[in-house]
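Encoded as structure tokens, the structure appears first; notes follow it.
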Amino acid sequence: MGLRVLVADDEQPVLDELVYLLGRDERVSQVRAVGSGADVLRALESDPVDAVFLDIAMPALSGLEVARVLARFRTQPKVVFVTAHEDHAVDAWDLDAVDYVLKPVAEERLRESVRRVVGARSPQPVTPVSDDEVVAVELAGVTRFVPRSSVAYAEAQGDYVRLHTTEGESHLLRTPLMTLEHDWAPAGFVRIHRSLLVSSARVHEVRTVSGRCSVLVDAGGPPYVELQVARRHTRDLRDLVQQRARTGGG
């Protein structure tokens, strides 16, 4: 059975567009629309849904307030925030939102949110990668071989990346960060910033201070290295760290 979805936004043109785009997704079987937070709660009294796409800045009852109420439901629908503002991203993740989408919403971006909802309903564990890749790095004419498992994080430096290891060393590798992100994703590496890729197995702690998220990474410490997490990557990081903790992946 496809997803049953409820959409809430107090701006009718935005609401109509979301309903139209979600209705085009083959994974969605039903889309209902309401114009306020209070209407969300009334609608769910009689007809539960799998996911709620919520605007945040709604009068009387905001999307964040609605999500806090939904968190107390015995069977909780997945929540996706659709908003024109970045300010509440950290609050959204604290409420265990599946996704945080900025307006105006492109169809492909909305399809990605639906994919996340489907994945959250049937979470797939991260499969530990048994084969440890070895990376060849050069310094002053000497080639060294660095195991991927020893890399705590990678930092973009133009067309290169600098690999920071758990031994407290760093090595320059002539590979774009985007390539490394794609190749190392199965091993638990996740982008946390446009210039940073982190091994989830080396994340010691995830912090949220004054609305900003950061991670403490084991790169030869303690003390651990603190790295800032961009808002758009916060959810992906937390999902991966939690999945690896459940499966014991390292």
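Take the Cα of THR208, step 7 Å toward its Cβ, do the same at ASP183, and the gap between the two points is 3.5 nm. Around the amide H of ALA152, modelled in the peptide plane, lie the amide H atoms of HIS164, THR165, THR166, all under 5 Å away and 5 or more residues distant in sequence or on another chain. 3J(HN,Hα) along region 204-216, derived from phi through the Karplus expression 6.51 cos²θ - 1.76 cosθ + 1.60 where θ = phi - 60°, amounts to 7, 7, 10, 10, 10, 10, 6, x, 10, 9, 8, 10, 9 Hz, with x in place of Gly and Pro. Evaluated with a Cβ-only charge set (Lys, Arg +1; Asp, Glu -1), the chain carries a dipole of roughly 440 debye about its Cα centre, given to the nearest 20. Report, by chain and number, residues whose modeled amide H sits under 5 Å from the one on THR175, excluding near sequence neighbours (fewer than 5 apart, same chain). Placed amide hydrogens put VAL161 under 5 Å from THR175. A 1.4 Å probe run over the protein chains yields, for the chain, 53 Å² of accessible area per residue, whole-number rounding. Please work out, to two decimal places, the log10 of the ratio I(q)/I(0) at q = 0.11, 0.19, 0.22 Å⁻¹ from a Debye calculation in which every Cα of region 3-108 carries one identical scatterer. Ignoring solvent entirely, the Cα scatterers give -0.28, -0.91, -1.26.
Note on semi-axes √(5λ) of the Cα gyration tensor in Å: of the candidates [x] 37, 18, 16; [y] 39, 17, 17; [z] 33, 21, 16, the value calculated from this structure sits at [y]. A Förster radius of 35 Å, combined with the Cβ-Cβ distance separating ARG121 from GLN228, puts the computed FRET efficiency at roughly 0.65. For the pair PHE145 and GLU11, the difference between a 0.36 nm per residue extended length and the Cα-Cα distance amounts to 42.6 nm. I'd like the distance between the alpha-carbon centres of region 170-214 and region 20-67, rounded to an integer number of Å. Taking the Cα centre of each part, region 170-214 and region 20-67 sit 33 Å apart. Along region 67-76 the Karplus relation, 6.51 cos²θ - 1.76 cosθ + 1.60 evaluated at θ = phi - 60°, assigns HN-Hα couplings of 4, 5, 5, 4, 5, 8, 5, 5, 10, 8 Hz to successive residues, with x for each Gly and Pro.
Taking label points 7 Å from Cα along the Cα-to-Cβ direction, GLU112 and ARG72 give a separation of 3.4 nm. Computed on the chain, with alpha-carbon pairs under 8 angstrom and 6+ residues apart, the relative contact order is 13 percent.
The values are calculated or read from the model by the stated rules, or taken from the named source; none is laboratory data. These figures come from a predicted structure and were not determined experimentally. In this analysis, Cβ positions are derived from the backbone assuming ideal geometry, glycine residues included, and neighbour counts consider all displayed protein chains. Quick note on the areas: whole protein, heavy atoms, side chains included, nothing else; ligands and nucleic acids left out. Shrake-Rupley method; radii C 1.70, N 1.55, O 1.52, S 1.80 Å.
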